[in-house]
Amino acid sequence: MDYSKVFNAAIDRLHEEGRYRVFIDILRNKGAFPNARCFAGHNGPKPITVWCSNDYLGMGQHPKVISAMEAALHDVGAGSGGTRNIGGNTHYHVDLEGELADLHGKETALLFTSGYVSNEATLATLAKILPGCIIFSDELNHASMIAGIRNSGCEKQVWRHNDLAHLEELLAASDPEAPKLIAFESVYSMDADIAPITEICDLADKYNAITYCDEVHAVGMYGARGGGISERDEVADRITIIEGTLGKAFGVMGGYIAADRVIVDVIRSYAPGFIFTTSLSPVLVAGVLASVRHLKASSEEREAQQASAAFLKKSFADAGLPVMNSVTHIVPLMIGDPVKAKRISDILLAEYGVYVQPINFPTVPRGTERLRFTPGPTHTEEMMTELTSALVEIWERMELRKAA
């Protein structure tokens, strides 16, 4: 076996398909987001504007967050010291879990090192604990949810995206005595649409299923206190388990679940992805704690972000650019070709100082490649107007089709 030949061939396939991923070498400018410095292909750092960050509200730059992290660093040092069950449980972790439980109106919460880990560990563990469990998964669920369901080894039924009739058809055809779990997201980040949570909960009640809602693209963003779509729609109490991230709207790092005390205790006690990994640094947890507390009390960032998203959507549409229909804070621009998506991204960075990564397969289906813009409260109208003009020029240069 020529191992190098096999590995090189695998990379060559990605290049041939136009979906080889390049990580841009940048540094954000503290206190000046979305401004950053790019080190790729230049003699020195080049100023750029970041348009694809999941730090939706700029909380990674917020003075309260930075101050809390600095204080924790000087108070307790850098690392956590180990896993939660050995040496990595700190008062910061306990306080944050209390704040997150309160945010979602649940009895308790559990921290993980990332949103991916919280999804994978929780879903895999739940289904193993429930004998004969059937998981009903929306077809556009995140890779981490799919991994958790796969690793559970249980039966999986995939329902068409947001198709309640199809979900009910699958539920009705299943064994009435079998444990059932309906897994879905609140905001789907690539298509920028929202799940019909109330109706899903109605079906869960009808067929005696429990519900698992991934709110990673909605926590901090929606609801009076940032509890997500489930808070906005006043259905959080009907969802069995709410999962979220600390690395998007809250601006730092980590993931979590919130649920009743017994369910959380089961995951804490049985999930390898929780038990056997070093816990989040208390420095990070302190930053998240400050962010969550701030966004519970302040809607200013959410309102400014929504205004920016609305402005950019209208600007793209008025210019005839193929902006996808979006009812959320995410602004996707359909390209439909991986090579063209990468080319547009490269031109924007090299010529206009605009940083936006192309989104290709397997993140989205082949033929639906896109650019995904996430305007935030610190993106100005002038920035958005200049971005639109740059895209129009590139569209004309590349002779791309505009929206009808």
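The values are calculated or read from the model by the stated rules, or taken from the named source; none is laboratory data. Every value quoted in this text rests on a predicted model; they were computed, and no experiment measured them. Cβ placement follows ideal geometry from the backbone for every residue including glycine, while neighbour counts extend to all protein chains displayed. Just so you know, the surface numbers come from the protein's heavy atoms only, side chains and all, with ligands and any DNA or RNA stripped out. Shrake-Rupley method; radii C 1.70, N 1.55, O 1.52, S 1.80 Å.
Restricting the stretch 79-105 to residues that are outside any helix (DSSP H, G or I) and within 19 Å of S291 (Cα to Cα), the residue that is least open to solvent (accessible area, probe 1.4 Å) is T90.
The sole residue among E393, E381 that is at pLDDT 95 or above, in contact with a Phe, Trp or Tyr (Cβ under 7 Å, 6 or more places away or on another chain) and open to solvent by 50 Å² or more (accessible area, probe 1.4 Å) is E381.
Among the residues of the stretch 40-70, those identified as farther than 30 Å from A192 by Cα and either among the charged types (D, E, K, R) or surrounded by fewer than 14 Cβ atoms within 10 Å (Cβ to Cβ) (or both) are G41, H42, N43, G44, K46, S67, E70. Residues that are at pLDDT 95 or above, on the phi < 0 side of the Ramachandran plot, open to solvent by less than 30 Å² (accessible area, probe 1.4 Å) and part of a strand (DSSP E or B): does the stretch 333-341 have at least one? For the stretch 333-341, residues at pLDDT 95 or above, on the phi < 0 side of the Ramachandran plot, open to solvent by less than 30 Å² (accessible area, probe 1.4 Å) and part of a strand (DSSP E or B): present. Selection of first residues in the stretch 271-294 that are under 18 Å from Y56 (Cβ atoms) and of second residues that are among the charged types (D, E, K, R), restricted to Cβ pairs under 8 Å at least 6 apart or on distinct chains, gives the following pairs, ordered by first then second residue: A290/K64; S291/K64; V292/E99; R293/E99; H294/K64. Checking the stretch 321-329 against the condition returns no match, with no residue being farther than 20 Å from T378 by Cβ, open to solvent by 20 Å² or more (accessible area, probe 1.4 Å), not β-branched (V, I, T) and not in a loop (DSSP other than H, G, I, E, B). Looking at A121, A147, A68, just one residue is more than 28 Å from E234 (Cα to Cα), assigned to a helix (DSSP H, G or I), within 21 Å of the chain's Cα centre (by Cα) and at pLDDT 95 or above, and that residue is A147. Going through (1) open to solvent by 10 Å² or more (accessible area, probe 1.4 Å); (2) in contact with a Lys or Arg (Cβ under 8 Å, 6 or more places away or on another chain) one by one, V356 falls short only on (1). In the stretch 301-320, of all residues being crowded, with 20+ Cβ neighbours inside 10 Å and touching a strand residue (DSSP E or B) at 6+ places or on another chain (Cβ under 8 Å), the one that is farthest from V219 (Cα to Cα) corresponds to F316. The condition (being open to solvent by 30 Å² or more (accessible area, probe 1.4 Å) and under 20 Å from S114 (Cβ atoms)) is satisfied by just one residue among L289, L284, L295: L284.
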